[in-house]
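> Let me begin by handing over the structure; questions about it come next.
Just so you know, all these numbers are worked out from the coordinates, no wet-lab data involved. Everything numeric here is computed off the predicted structure, so don't read it as measured data. Glycine gets a Cβ as well: all are built from the backbone with ideal geometry, and neighbour counts include every protein chain shown.
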Amino acid sequence: MDAAWTALLLSLKVAGWATVINLVLGIAVGYALARLRFPGRDLLDTLLTLPMVMPPTVLGYYLLVLMGRRSWLGAWLYDNFGINMIFTWQGAVIAAAIVAFPLVFKPARAAFEAGDGQLEQAARVLGIGEIGIFFRVTLPLAWRGILAGVLLAFARALGEFGATLMVAGSIPGKTQTLSIAVYEAVQAGQDGVANTLVLITSAVCIVVLLAAGRLAPGRIVNR
Amino acid sequence: MQFDIDIRKTLRSGQRSFHLNAQLRSDSSRIVIIGPSGSGKSLTLKAVAGLIEPDSGHIRVGGNTLFDARSGIDLAAQARNVAYLFQDYALFPHLNVRQNVGFGLARGWFNPRNSASHAAVDYWLDAFHLAAVAHQFPCELSGGQRQRVALARALVSRPQALLLDEPFAALDPALRVIMRSELDALQRRLQVPMILITHDPEDARVFGDQVLQLREGAIEIGAVALETAALAA
């Protein structure tokens, strides 16, 4: 039973960190893709959307190759900072973040594209600098669209299985998240454990969806 | 010289191109530019506000050079201290009336708190009879109230000039008459120089100490029109 709670807490920790990373990067990338004109923009959008359509195991394999101790990135991280991503919960965070990333930056891009340029002009004439305009006008107006994507991404990260298993493995108490624990329990024929884990997972998902409804209130903000 | 504007700008969209060539020198503090839509009125006004950059020429307001292509001066919109009233007011939909009015007074990265008190904001809320709706959002306001909020927001930072883009076009006819006289009285009281662009001759009659016509990007009739327009009133 304790193992179930450990797995749940680990899942929440991994999904939480992945969502924080995606929130920051998703807003930045979504904004850049919506507002900046640069060569390779469409290609970048396509590459970043890949995690949505590629099998998670393939992504996990890429990450293994990229972050393993034998790759230049993995070796550099280990030699300079002593960081080892493989078979750690931090590696699971990276895997979950990448898998869920399209769910954040796509809606963010759409929300920024839908923005009303005139409101930004109004703020400019009122003397507000460009960074101030972003945080005071652009972001608040795009926020509801972004938030919807962020909550979906959190749910997606919570349920992440394939890439996480490839990168972080299934070490109980260390990298064994809820969804992996379910798989292990079924494999080991521990039906009771599996039942508990599945019920916990379902309950958590319902709570997340209810929270999503609460966090995006139907306040009238349209002009 | 109150306004000294001499700008050229070419816009291209596919095969079509539009040439703006606007000259205006005036000591009047009430200027109306009248012309049909697509004649370049908004473009001229936006150039003065610093929202678009002319290809060449200069813009001086009250003796301050805001733009001069030859000497490479191009003040950012933020630094021009002119107020711009957008045609549909461009009120921030996520901020209440008080926050909208105080928007320009709060510098930095954060919006004013929704009950933040500021003497200048209170003054303008009172002056425009908006105190009762100070906590409402723009979508909850009537057309006249929206315009008053936009005006209060524009005036609260004591601009050196007021630029009005079709200020009455979004109002119904009865309200238009009321708001016109309100703005008229306000401008006389504050003595803030203004340029108003419109396609409505009635606006020109009420406000035009000097009326200029803009057609297909070029200003046609200069100061001559002001006498007749004033007499017609």
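> Any idea what log10 I(q)/I(0) is at q = 0.05, 0.11 Å⁻¹ for the protein assembly as shown, Debye with uniform C-alpha scatterers and no solvent?
-0.29, -0.91
> Same structure, new question: Given chain B reduced to its alpha-carbon atoms as identical point scatterers, what log10 I(q)/I(0) does the Debye formula return at q = 0.08, 0.11, 0.12, 0.18 Å⁻¹?
Relative scattering, expressed as log10 I(q)/I(0), comes to -0.30, -0.57, -0.68, -1.37.
> Here's another thing I want to ask about it. Over segment B:93-157, one equal point on each Cα, no solvent: what is log10 I(q)/I(0) by the Debye formula at q = 0.22, 0.25 Å⁻¹?
-0.81, -1.06
> Using a cut-off of 12 Å between beta-carbons, work out the net charge of the residues near residue A:153 (Lys and Arg +1, Asp and Glu -1, residue A:153 not included). Walk me through the numbers before you get to the answer.
Details: positive: A:106, A:156; negative: A:160.
Here the count lands on +1.
> OK, next. Round to the nearest 10 and give me the degree value, 0 to 90, for the angle of helix A:139-158's Cα axis relative to the longest principal axis of chain A.
Taking the Cα atoms of chain A, the angle to A:139-158 is about 10 degrees.
> Using +1 on the beta carbon of Lys and Arg, -1 on that of Asp and Glu, and nothing else charged, what's the dipole of chain B about the Cα centre, debye to 20?
Details: 24 positive and 23 negative charges, 100 e Å.
The dipole of chain B has a size of about 480 debye.
> Reachable lysines from residue B:41, Cα under 21 Å, same-chain residues fewer than 8 places away excluded?
Of all the lysines, those that pass the test against residue B:41 - Cα under 21 Å, at least 8 places apart if same chain - are B:9.
> Shifting gears a bit: Going by amide H atoms built from the backbone, whose H comes under 5 Å of the H on residue B:213, apart from near neighbours?
B:34, B:220, B:221
> Could you tell me which of A:175, B:95, B:19 has its Cα farthest along the dipole of the protein assembly as shown towards the positive end, charges placed at Cβ (Lys, Arg +1; Asp, Glu -1), taken about the Cα centre?
The residue sitting farthest along the positive end of the dipole is A:175.
> Follow-up. Between residue B:74 and residue A:209, take the C-beta separation as r, use R0 = 45 Å, and let me know the FRET efficiency to the nearest 0.05. Don't skip to the end; give the middle numbers.
Working: r = 51 Å, r/R0 = 1.14.
In this case the efficiency is close to 0.30.
> Taking the Cα centre as origin and putting +1 on Lys and Arg beta-carbons and -1 on Asp and Glu beta-carbons, what dipole magnitude results for chain A, to the nearest 20 debye? Numbers along the way, then the final one.
Numbers: 16 positive and 11 negative charges, 113 e Å.
Here chain A has a charge dipole of around 540 debye.
> Also, quick follow-up: For segment B:64-73, take each phi angle, set θ = phi - 60°, evaluate the Karplus expression 6.51 cos²θ - 1.76 cosθ + 1.60, and give the result in whole Hz per residue in order, putting x for glycine and proline.
Using θ = phi - 60°, the values come out as 8, 7, 8, 8, 8, 4, 5, 9, x, 8 Hz.
> Let me ask you something else. Evaluate the charge dipole of the protein assembly as shown about its Cα centre and quote only its size in Debye, nearest 20, assuming +1 on the Cβ of each Lys and Arg and -1 on the Cβ of each Asp and Glu.
On the way: 40 positive and 34 negative charges, 91 e Å.
The dipole of the protein assembly as shown has a size of about 440 debye.
> Which three extents, in whole angstrom, do the alpha-carbon atoms of chain A cover along their principal axes, largest first?
On the principal axes, chain A reaches 66, 44, 29 Å in Cα extent.
> Let me ask you something else. Can you run phi through the Karplus equation (6.51, -1.76, 1.60; θ = phi - 60°) for segment A:20-32 and list ³J(HN,Hα) in whole Hz, with x for Gly and Pro?
Each residue of segment A:20-32 in turn: 4, 4, 5, 4, 5, 5, x, 5, 5, 5, x, 5, 4 Hz.
> Which whole-Hz couplings ³J(HN,Hα) result when phi for each residue of segment B:100-108 is put into the Karplus expression 6.51 cos²θ - 1.76 cosθ + 1.60, θ = phi - 60°, listed in order with x for Gly and Pro?
Calculated HN-Hα couplings, in order: 4, 5, x, 3, x, 7, 8, 7, x Hz.
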